[in-house]
1. Which ones in the stretch 62-80 are assigned to a strand (DSSP E or B), of a type outside the set (Gly, Ala, Ser) and surrounded by fewer than 16 Cβ atoms within 10 Å (Cβ to Cβ)?
2. Please determine whether any residue of the stretch 81-88 is in contact with a strand residue (DSSP E or B) (Cβ under 8 Å, 6 or more places away or on another chain), within 17 Å of Thr117 (Cα to Cα) and part of a helix (DSSP H, G or I).
3. Taking the condition of being at pLDDT below 95 and under 14 Å from the mean Cα position of the chain (by Cα), how many residues in the stretch 1-23 meet it?
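The values are calculated or read from the model by the stated rules, or taken from the named source; none is laboratory data. Note that the structure is a prediction, hence the values are computed from the model and not measured. With ideal geometry, Cβ positions are generated from the backbone for all residues, glycine too; neighbour counts draw on all protein chains shown.
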Amino acid sequence: QVQLVESGGGLVQAGGSLRLSCAASEDTFSNYDMGWFRQAPGKEREFVAAITWSGVNTYYADSVEGRFTISRDNAKNTVYLQMNSLKPEDTATYYCAAEFGPGRLRLGVGRHWGQGTQVTVSS
């Protein structure tokens, strides 16, 4: 069972930046495609970004394209989400997930999930 632990959330003003990290407990991390999701209060969880196991291919939701960047370091068993030009509507709990296949991640499917980290963007 892969354990995923997110960190890096916090309170930031609109226009600011944060970098989220998701650390995996096992070296099998490098076998998985990874994704970031978010869920705001009263809303459904939504796909944010995904990256293939090799790091070659990335995918983004339209709402974050050009502002967020997903990356990974397989040597550190960690995936990152760099968030720039943050907006109040980015406020949510952010989760990382591991799955085989970026398409499944884009559909919201994840084999392993972290516990989430809160991001709050003030206006």
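1. Across the stretch 62-80, the qualifying residue is only Asp73.
2. Scanning the stretch 81-88, I find at least one residue that is in contact with a strand residue (DSSP E or B) (Cβ under 8 Å, 6 or more places away or on another chain), within 17 Å of Thr117 (Cα to Cα) and part of a helix (DSSP H, G or I), so the answer is yes.
3. Number satisfying all stated conditions: 0.
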